[in-house]
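Peer 1: Attaching a single structure in structure tokens format; questions to follow.
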Amino acid sequence: MAEADAKPPDESWRPQKKGAMSREEMNAFLAEPFIARLACLKPDGSPYLVPAWYHWDGLAFWFVARERSAWAHYIAQDPRVSVLVDEPVPPIRKVMAEGTAIIVEAAVGPYLDNGEMSIWNKIGTNHTGPKYRDTYHTEQYRDSVNKEPCWTIKVVPRKLTTWQGLAWAKRYYHDELQTGHAAGSLG
């Protein structure tokens, strides 16, 4: 059969949306109860990766680290970080960020000396607690640990990359190998 007569492969299994997310789609995705992966650098320069709950405020990621968390101390020494939030099942969405971490609070308790809630406690009460409530029993969890000192870390992305769908970005494909694919099937 001639190449011109070849039928394009069946792509009905592939989610319709593919490619970069809009800002609105990204914000809606980051409001879901996924676990972020935060990468930072150890003092010897090797990478350190930690799963963490997060809050996205539309401009920055917020993380809460226990006082004795190695990664909080690594970030205090070198603020360069990367963040990944992804979805393990279709429609396969992900947000990748590169940025600089800012230590907003270092090892403070749930309440400050002036009686106000610490920022990390406000984040837990108003954002991550409700966000993860149904999946992770956050009220019981927070009741059991909400006396320990924690760090509040804000990550301001310098670069944000988003993706959705089961397709590769066009730049990854070799045109000469893609004969027979429907034009719309490439990302």
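The values are calculated or read from the model by the stated rules, or taken from the named source; none is laboratory data. In this text, all values refer to a predicted model and were calculated from it rather than measured experimentally. Please note: Cβ atoms are built from the backbone with ideal geometry, for glycine as well, and neighbour counts cover all protein chains shown.
Peer 1: Got a sec? Which strands (runs of 3 or more DSSP E) wholly within the range 12-87 have at least 1 residues that are closer than 22 Å to Glu148 by Cα and either hydrophobic (A, V, I, L, M, F, W, C) or at pLDDT 95 or above (or both)?
Peer 2: Correct list: 36-41, 47-52, 61-66.
Peer 1: With the structure loaded, tell me whether Ala97 is at pLDDT 90 or above, assigned to a strand (DSSP E or B) and in contact with a Leu (Cβ under 8 Å, 6 or more places away or on another chain) or whether it fails that test.
Peer 2: yes
Peer 1: Kindly evaluate Val64 against the criterion of being surrounded by 17 or more Cβ atoms within 10 Å (Cβ to Cβ) and in contact with a helix residue (DSSP H, G or I) (Cβ under 7 Å, 6 or more places away or on another chain). Before the answer, list the steps.
Peer 2: Details: surrounded by 17 or more Cβ atoms within 10 Å (Cβ to Cβ): yes; in contact with a helix residue (DSSP H, G or I) (Cβ under 7 Å, 6 or more places away or on another chain): yes.
Considered against the rule, which asks whether it is surrounded by 17 or more Cβ atoms within 10 Å (Cβ to Cβ) and in contact with a helix residue (DSSP H, G or I) (Cβ under 7 Å, 6 or more places away or on another chain), Val64 comes out as yes.
Peer 1: For residues that are among the aromatic types (Phe, Trp, Tyr) and under 19 Å from Leu41 (Cβ atoms), scanning just the range 56-73, find the one that is nearest to the chain's Cα centre (by Cα).
Peer 2: Phe61
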